[in-house]
Amino acid sequence: MAQCAIQMTDLTKDYIIGDIVIPALRGINLTVTKGEIIAIMGSSGSGKSTLMNIIGCLDKANSGEYFLDGISVMSLNKNETADIRNTRIGFVFQSFNLLSRSSALENVELPLIYNRNKNKIDYKEIAFNALKRVGLEDRVYHKPQQLSGGQQQRVAIARALVNNPSILLADEPTGNLDSITSTDIMKLFLDLNKQNITILLVTHDPQIAKYASRVLYMIDGLIAS
């Protein structure tokens, strides 16, 4: 398991609405090797978001096994789960989710507040280095409305990188971008992947999926191929 970033066995997740049980994941078996880029595709309701939420420790499966970097996530308590989420996983969203009144630097600093292993004195330096890593060292004090869509997504990626995660989870990271900017963002992901970061991204775009080393297609809560 040393080379596995993610190992899932017979993972299930149900949602209960009133008296109705809705199966979201019906028995996921998945192994992701460290350093892979995985694209997850499938129609709405296929289970993509549920799978990503469980991988990202935002939600917990009902049954099965899930190991993240060799750690049994299913056995963790609430605080332990929060720690592994904050230190090992970075999140990138389609809508950027930036604070409009805060600068790029302040937005990138946010995850450091929840990382008990970081010294507060180092926040600005760590955030600046993350912005430099994505090529935005000259936009440190710009607010989101002063940045292009691609630059805003780079700020979001810097924020995801600030705690040095081993895994990046990206949900439609190019969904709000034009094709040229989307290509630039995917090239950035490829550069980050070369730095030993495992990347899983949800996409509806076959052109974006081509950047992945492997594509998973989900149907009705299962990985079909």
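Pairs needed: first member in segment 208-225, exposed (fewer than 13 other Cβ atoms within 10 Å of the Cβ); second member anywhere, among the aromatic types (Phe, Trp, Tyr); C-beta distance under 9 Å; at least 6 residues apart or different chains.
As it stands, the answer is 224/217; 225/217, since those pairs meet every condition given.
Quick check on this structure: which one of 141, 114 is in contact with a Ser or Thr (Cβ under 6 Å, 6 or more places away or on another chain), surrounded by fewer than 16 Cβ atoms within 10 Å (Cβ to Cβ), without any contact (Cβ under 8 Å) to a residue 40 or more places away in the chain and at negative phi?
141
Can you tell which of 125, 80 is closer than 30 Å to residue 216 by Cβ, out of contact with any Lys or Arg (no Cβ under 9 Å at 6 or more places or on another chain) and free of Cβ contacts under 8 Å to residues at least 24 places away in the same chain?
Numbers: 125 fails: closer than 30 Å to residue 216 by Cβ.
Just a single option satisfies the conditions, and that option is 80.
Which of (1) among the aliphatic types (A, V, I, L, M); (2) buried (at least 17 other Cβ atoms within 10 Å of the Cβ); (3) assigned to a helix (DSSP H, G or I) does residue 82 not meet, given it meets every other one?
Unmet condition: (2).
Could you grab me the full set of residues in segment 92-107 that are touching a Leu at 6+ places or on another chain (Cβ under 8 Å), crowded, with 20+ Cβ neighbours inside 10 Å and not in a helix (DSSP H, G or I)?
92
(1) within 16 Å of residue 32 (Cβ to Cβ); (2) touching a helix residue (DSSP H, G or I) at 6+ places or on another chain (Cβ under 6 Å): which one isn't true of residue 185, the others all being true?
Answer for residue 185: the failing condition is (1).
Going through segment 164-187 one residue at a time, which ones are among the aliphatic types (A, V, I, L, M) and touching a Lys or Arg at 6+ places or on another chain (Cβ under 7 Å)?
Passing the criteria: only 167.
Given the residues 44, 72, which is the only one that is free of Cβ contacts under 8 Å to residues at least 60 places away in the same chain, of a type in the set (Gly, Ala, Ser) and over 19 Å from residue 5 (Cβ atoms)?
44
Can you run down the residue pairs with Cβ atoms below 6 Å, 6 or more apart or on separate chains, where the first is in segment 47-60 and at pLDDT 95 or above and the partner is buried (at least 19 other Cβ atoms within 10 Å of the Cβ) and part of a loop (DSSP other than H, G, I, E, B)?
54/61
At least 1 residues that are small (Gly, Ala, Ser) and modelled with pLDDT of 95 or more in each: list the strands (runs of 3 or more DSSP E) lying fully within segment 108-225 that qualify.
The qualifying strands (runs of 3 or more DSSP E) are 167-171.
In segment 48-80, which residues are out of contact with any helix residue (DSSP H, G or I) (no Cβ under 7 Å at 6 or more places or on another chain) and among the hydroxyl-bearing types (Ser, Thr, Tyr)?
Listed by number, the residues that qualify are 49, 50, 63, 72, 75.
The values are calculated or read from the model by the stated rules, or taken from the named source; none is laboratory data. For clarity, every value in this text was computed on a predicted model and none was experimentally measured. Please note: Cβ atoms are built from the backbone with ideal geometry, for glycine as well, and neighbour counts cover all protein chains shown.
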